[in-house]
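Below is one structure, written out as structure tokens; the observations come after it.
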Amino acid sequence: MGNCDSCMSEANQSVSVETLERAVRRMDPDLVLLCLESGVYVNDPIDRHGHTVMDVYACEHENMMKTSMSSRGRSADATRVFCEMQSNATQVLNLLRAYGAVMSGRSATRRRGL
């Protein structure tokens, strides 16, 4: 007993709800999928207020949209970057929903730094 860790790949041994939170903040669908397939529970609280990664997703998506709207530079580049970010965000959202992610209900009282 206790040798179960040797059966898992090194990548799977290091995943946690913290890893999932970072992946959602980065809108990294590949890492989100790795975390979820490795058994990280999508609705585990990420802080003492009970927020979930879906709350993080909502905040990060809002920030991403604001950043896109204030982009400086060539419009073709800004459009390309926006579309890439939206594609990743959509993939992340679809994965979270497929695994049953829900908002904590505390999102209406969001605090800076979530």
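Quick look at the numbers
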item	result
Matching residues in region 38-59 - criterion: being closer than 23 Å to M85 by Cα and among the acidic types (D, E)	D55
Number of the condition not met by S70 [criteria: (1) modelled with pLDDT under 95; (2) open to solvent by less than 40 Å² (accessible area, probe 1.4 Å); (3) among the polar types (S, T, N, Q)]	(2)
Residue selected from region 45-63 under the condition touching a residue at least 12 places away in the same chain (Cβ under 8 Å), assigned to a loop (DSSP other than H, G, I, E, B) and farther than 14 Å from R97 by Cα, by the criterion most open to solvent (accessible area, probe 1.4 Å)	P45
A76 vs. criteria aliphatic (A, V, I, L, M) and either exposed (fewer than 12 other Cβ atoms within 10 Å of the Cβ) or touching a strand residue (DSSP E or B) at 6+ places or on another chain (Cβ under 8 Å) (or both)	yes
So S38, is it touching a residue at least 12 places away in the same chain (Cβ under 8 Å) and over 11 Å from the mean Cα position of the chain (by Cα)	yes
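The values are calculated or read from the model by the stated rules, or taken from the named source; none is laboratory data. Note that the structure is predicted; figures quoted are calculated from it, not measured. Positions of Cβ are backbone-derived with ideal geometry, glycine not excepted, and every protein chain shown enters the neighbour counts. Note: accessible area is taken over every heavy atom of the protein model, side chains too, but ligands, DNA and RNA are not part of it. Shrake-Rupley method; radii C 1.70, N 1.55, O 1.52, S 1.80 Å.
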